[in-house]
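Remarks on the structure that follows.
The values are calculated or read from the model by the stated rules, or taken from the named source; none is laboratory data. All values derive from a computational prediction rather than experimental measurement. Note that we place each Cβ from the backbone using ideal geometry, even for glycine, and neighbour counts take in every protein chain shown. Remember, those area values only see protein heavy atoms, side chains included, never the ligands or the DNA or RNA. Shrake-Rupley method; radii C 1.70, N 1.55, O 1.52, S 1.80 Å.
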Amino acid sequence: KIMDTKVKNTETLLSLGQFHISEDCGCILPEPLVTDLPLYYKPWMDIARNVPELISSHSLRLRIHNMPLLETHLLRTHCELRLAHLALSMMTVGYVWQEGERETIKVLPRNLSVPFCEVSQRLGLPPILIYTDAVLANWKKRDPDGNLELLLTLPGGESLRGFFLVTLMVELAAVPGLKSILDVINGIHYNDVAMVTKALDVVSQAIDSMKQAFKLMHDYVDPSIFYGIVRIYLSGWKDNPLMPEGLVYEEVQEKPMEFSGSSAAQSSTLHCFDELLGVQHEGSSGAFLRRMRDYMLPSHKHFIENISSRPSLRSFVLQQADEGLTHTFEQCVARLVDFRNYHINTVTRYITIPASRAKQLRANKQGLPEELDAIRRAPTALEERGTGGSGIMTFLKTVRDKTKDTSISQGSKGNQVLPDPSINTEGCI
């Protein structure tokens, strides 16, 4: 099996390599990247590279119906499998959502469903476009200066490109923090307060850097385009009123299957920080986050589980009662709360406010033609839901509040982190 490494909780020191996590790129698929598949798979890549154009001409479904059914055994490396999964997932969501919420389909044709499920099984991933595809395995260097470009794209133009690449930047910003998790674990093992404090400070700085990278979203992603065009292609067929019965994968299973769409809740990085700090997600939000781990590479999921199985950092901080260590832990929690507040504010800007605007436009038929066109395409059934199928605001606020609860001095004024004042969230938070 590829990428199915399980490491037992032993006394030996951990390494990121045990879990196929890169020292340089974290959970992102590192270089050398595969940017094309063997010639045999040219029919896949020809379609996958032109999904936006084929959707625009309403011809993607026809092209896929005429596509040959290809064998998957010629995909021999992990990188080839990842690119194949990305290409097949882009074609799949394009096929399903070609006509938006009109003319939704119930069956994915065999020449797409069969190879997609075979590739998915080899990787231990679900057969749908997920965060692991769209963000972590969908990049290349555009030039020697290190500027990045997407391998494959969907409708949404520069806003779609910005959405995926800014999210990639958030993951890159987290890398020093991921590496320092090992130092925290080993520091606790050796009862080394200084080591734990130093490592936690790096984690704290990494979380802050993630937020700074996240802020780039507002420079590169237009809210109307994201809400009206991009979002539906990130949606799945579980907990989705547009596809209440799910999707039949022809010649794979007669019964419809349900899978959630791509979601930030599928980021292994955030799950790692939660487990390290001891954030206890419970109820429906906790169940949703645990289910999202099935949408990660198995090796990354095992890293999260390994962190969880280690002695509690929070308990170590309480037992040591060291002022510097306690301060650094509290700062870490506060910055994760701050990051989640910013996420809430961003969702307000990109989903809540456009949804309200869309209702006004449909009622009054007013607004700029460009905005009307983008908003008209927005699926009305998804107005209150995230792409993963969650009730978006309730979910995000619950996750944020559970993070707050992790603070040792919870409720103290010094630990409160307010939403970013640059975003107007009146009536939303």
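Numbers for the structure displayed
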quantity: Inter-residue pairs, beta-carbon under 8 Å, first under 14 Å from S407 (Cβ atoms) and open to solvent by 30 Å² or more (accessible area, probe 1.4 Å) and in the range 306-327, second assigned to a helix (DSSP H, G or I) and of a type in the set (F, W, Y), 6+ apart; calculated: R314/F329
quantity: Residue list for the range 290-324, restricted to those being part of a helix (DSSP H, G or I) and over 24 Å from L125 (Cβ atoms); calculated: L313, R314, S315, F316, V317, L318, Q319, Q320, E323, G324
quantity: Number of the condition not met by A287 [criteria: (1) of a type in the set (G, A, S); (2) open to solvent by 30 Å² or more (accessible area, probe 1.4 Å); (3) more than 29 Å from Q121 (Cα to Cα)]; calculated: (3)
quantity: Matching residues in the range 250-264 - criterion: being buried (at least 24 other Cβ atoms within 10 Å of the Cβ) and not polar (S, T, N, Q); calculated: G261
quantity: Candidates P144, P115 - the one that is open to solvent by 10 Å² or more (accessible area, probe 1.4 Å) and either within 21 Å of V34 (Cβ to Cβ) or modelled with pLDDT under 95 (or both); calculated: P144
quantity: T197 within 18 Å of F329 (Cβ to Cβ), among the polar types (S, T, N, Q), assigned to a helix (DSSP H, G or I) and touching a residue at least 40 places away in the same chain (Cβ under 8 Å); calculated: yes
quantity: Subset of the range 181-205 (residues that are among the polar types (S, T, N, Q) and over 25 Å from the mean Cα position of the chain (by Cα)); calculated: N186, N191, T197
quantity: Candidate set: the range 98-115, residues that are touching a residue at least 60 places away in the same chain (Cβ under 8 Å) and of a type in the set (S, T, N, Q); chosen: the one farthest from P30 (Cα to Cα); calculated: T104
quantity: Subset of the range 200-216 (residues that are assigned to a helix (DSSP H, G or I) and either modelled with pLDDT under 95 or open to solvent by 10 Å² or more (accessible area, probe 1.4 Å) (or both)); calculated: D201, V202, Q205, D208, S209, K211, Q212, A213, F214
quantity: Matching helices (runs of 4 or more DSSP H) fully within the range 98-180 where at least 3 residues are of a type in the set (G, A, S) and under 20 Å from the mean Cα position of the chain (by Cα); calculated: 157-173
quantity: Those residues of the range 333-383 which are out of contact with any helix residue (DSSP H, G or I) (no Cβ under 9 Å at 6 or more places or on another chain), at pLDDT 70 or above and either of a type in the set (G, A, S) or open to solvent by 60 Å² or more (accessible area, probe 1.4 Å) (or both), in sequence order; calculated: S356, Q360, A363, N364
quantity: Residue match in the range 217-228 (condition: open to solvent by less than 10 Å² (accessible area, probe 1.4 Å) and either part of a loop (DSSP other than H, G, I, E, B) or under 19 Å from F116 (Cβ atoms) (or both)); calculated: yes
quantity: In the range 55-97, residue farthest from E31 (Cα to Cα) [restricted to those that are under 27 Å from the mean Cα position of the chain (by Cα) and part of a loop (DSSP other than H, G, I, E, B)]; calculated: T72
quantity: Residues of the range 36-84 satisfying the condition of being basic (K, R) and open to solvent by 10 Å² or more (accessible area, probe 1.4 Å); calculated: K42, R49, R61, R63, R76
quantity: Where a residue in the range 116-142 is in contact (Cβ under 8 Å) with a residue 12 or more places away in the chain and over 13 Å from M90 (Cα atoms) and its partner, wherever it lies, is of a type in the set (F, W, Y) and outside any loop (DSSP other than H, G, I, E, B), with Cβ under 7 Å and at least six apart; calculated: C117/Y249; P126/Y295
